[in-house]
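Undergrad: I am attaching a structure below and will ask some questions about it afterwards.
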Amino acid sequence: MRIICVDNYDQMSKKAANIVASQLILKPDSVLGLATGATPLGMYKQLIKTYEEGHIDFEEVTTFNLDEYCDLNKEDEQSYYYYMYENFFKHININIKNLNIPNGRAMDIHKESLEYERKIRKSGGIDLQVLGIGRNGHIGFNEPDIKFEALTHMVKLDEQTIEDNSRFFDSIKDVPTKAISMGIKTIMHAKKIILLASGKEKAEVIYGAIYGKITPELPASVLQLHPDVVFVMDKEAASKLDLEKLKEEYL
Ligand code: GLP
């Protein structure tokens, strides 16, 4: 595990975008795993800028998103499809055929999940997976207690997640209670992972993910077992870590 701690959100976003950009420079046909939420927005902005400046190209890139709410249409402003299109895809030269977001409106979510896993495998597997982290330690929508061996599947969202994500909806009643998400096992199969975290409300869970027991009660703690994972954080998210000690242990 590597830890990169920077001063603020802007620097975190630039650092994360540089890691993704390096991946694309080294392997132009990379398979990227992508995340939603407020945290990666700055990274997407920065990647768009790097693309506009001509430093990176998305023509051969394939993407797989982590998750999608059940029961929202693609056109719904709260869907992750809409988020990805508005905040990233429409600004870059990615081939629409190469974008993959699980379909939360599929009639048969189990079949959709198996098909999503098959597509990931057929693409050669995820080269670089971007993650955020929920306040309860979820990654993707893998809530506390979802088994580490889970592949893509339907999840029931935690009360805390529903409350946290209600900031994007008109009312908490509008937040879907179910989603389809890559499982922990799908995420752990990625060749490289970067997890982004910003703000003091993530400090506690970041501490647990890095120093705590590896347990499905804190899903992100499983990342301690991944051979190539980088946490990119700002000072506030890292405020409960002993950075001097970390320098010795991880860097
Ligand atoms: C959602 C997403 C996660 C994301 C989390 C944190 O629940 N499914 O992938 O990491 O929110 O979001 P934020 O970055 O807004 O704190």
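The values are calculated or read from the model by the stated rules, or taken from the named source; none is laboratory data. None of the values given here were measured: they were computed from a predicted structure. Cβ placement follows ideal geometry from the backbone for every residue including glycine, while neighbour counts extend to all protein chains displayed. The area values use the complete protein model at the heavy-atom level, side chains included, leaving out ligands, DNA and RNA. Shrake-Rupley method; radii C 1.70, N 1.55, O 1.52, S 1.80 Å.
Undergrad: Could we say that GLY33 is modelled with pLDDT of 95 or more and either surrounded by fewer than 22 Cβ atoms within 10 Å (Cβ to Cβ) or more than 30 Å from GLN224 (Cβ to Cβ) (or both) here?
TA: Against the criterion (modelled with pLDDT of 95 or more and either surrounded by fewer than 22 Cβ atoms within 10 Å (Cβ to Cβ) or more than 30 Å from GLN224 (Cβ to Cβ) (or both)), GLY33 does not qualify.
Undergrad: Right, next: For the stretch 75-102, what are the residues that are open to solvent by 40 Å² or more (accessible area, probe 1.4 Å), out of contact with any Asp or Glu (no Cβ under 9 Å at 6 or more places or on another chain) and more than 16 Å from the ligand (Cβ to nearest atom)?
TA: Matches in the stretch 75-102: GLU75, TYR85, LYS90, ILE96, LYS97.
Undergrad: If you scan the stretch 192-214, which residues turn out to be in a strand (DSSP E or B) and either open to solvent by less than 10 Å² (accessible area, probe 1.4 Å) or within 13 Å of the ligand (Cβ to nearest atom) (or both)?
TA: Across the stretch 192-214, the qualifying residues are ILE193, ILE194, LEU195, LEU196, ALA197.
Undergrad: From the list ASP234, ASP228, exactly one residue is among the acidic types (Asp, Glu), touching a strand residue (DSSP E or B) at 6+ places or on another chain (Cβ under 7 Å) and over 23 Å from ASP7 (Cβ atoms). Which is it?
TA: Matching residue, one of ASP234, ASP228: ASP228.
Undergrad: Can GLU217 be described as assigned to a loop (DSSP other than H, G, I, E, B), surrounded by 16 or more Cβ atoms within 10 Å (Cβ to Cβ) and modelled with pLDDT of 95 or more?
TA: no
Undergrad: Let me ask you something else. Looking only at residues that are open to solvent by 40 Å² or more (accessible area, probe 1.4 Å), in contact with a helix residue (DSSP H, G or I) (Cβ under 7 Å, 6 or more places away or on another chain) and of a type outside the set (Lys, Arg) in the stretch 3-22, which one is farthest from MET233 (Cα to Cα)?
TA: Among those residues, the one meeting the criterion is ASP10.
Undergrad: All but one of (1) farther than 26 Å from THR63 by Cα; (2) without any contact (Cβ under 8 Å) to a residue 60 or more places away in the chain hold for LYS185; state the number of the condition that does not hold.
TA: With respect to (1) farther than 26 Å from THR63 by Cα; (2) without any contact (Cβ under 8 Å) to a residue 60 or more places away in the chain, LYS185 is out only on (1).
Undergrad: If we only count helices (runs of 4 or more DSSP H) wholly inside the stretch 1-107, which ones have 1 or more residues that are acidic (Asp, Glu) and within 24 Å of ILE133 (Cβ to Cβ)?
TA: It comes to 9-26, 80-87.
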